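Take a look at the structure set out below.
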Amino acid sequence: MIAGHLLLHHGGELVYFLIQFNFIFGLNYSKIKSKIDVILYGTVILTIILIGERFTGILYSFFFFFMPILVNNKK
């Protein structure tokens with residue numbers, strides 16, 4: 001019951017945190033190429049969809065995950 005209460009009132013903060021956290025997954029993946037980072041990224045996307053975030057949150061997540069990969073591949 002408490003978790004549902006927190007999700008209703010703090011869902012926006014959770015989505016914001018998850019979107020920002022994708023940058024760390026992308027940075028780790030660009031350096032280590034670990035499949036666990038891709039699995040965690042997929043889990044974050046699924047969580048954002050289940051929370052009910054609109055397309056913008058998913059687009060930002062995509063951007064934050066792949067930007068470090070593109071920058072590190074250019075080096």
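Here, each number is a calculation from the coordinates, and none is a lab measurement. Note that the structure is predicted; figures quoted are calculated from it, not measured. When we count neighbours, we look across all protein chains shown, and the Cβ atoms used for this are built from the backbone with ideal geometry, even at glycine.
If the chain linking residue 72 and residue 35 were pulled fully straight, counting 0.36 nm for each residue of separation and taking away their Cα-Cα distance, it would gain 11.6 nm.
A simple rule links phi to the HN-Hα coupling: the Karplus curve 6.51 cos²θ - 1.76 cosθ + 1.60 with θ = phi - 60°, which for segment 61-66 gives 4, 4, 4, 5, 7, 8 Hz, with x for Gly and Pro. In straight-distance terms, cross-link reach from residue 74 covers every one of the lysines whose alpha-carbon lies under 20 Å from its own, apart from those fewer than eight places away in the same chain; here that gives 31, 33. Listed peptides 21-28, 53-60, 64-71 appear in the order 21-28, 64-71, 53-60 once ranked by packing, highest mean of other Cβ atoms within 10 Å at the front.
Each label point was placed 7 Å from the Cα along the Cα-to-Cβ direction; for residue 47 and residue 59 their separation is 2.3 nm.
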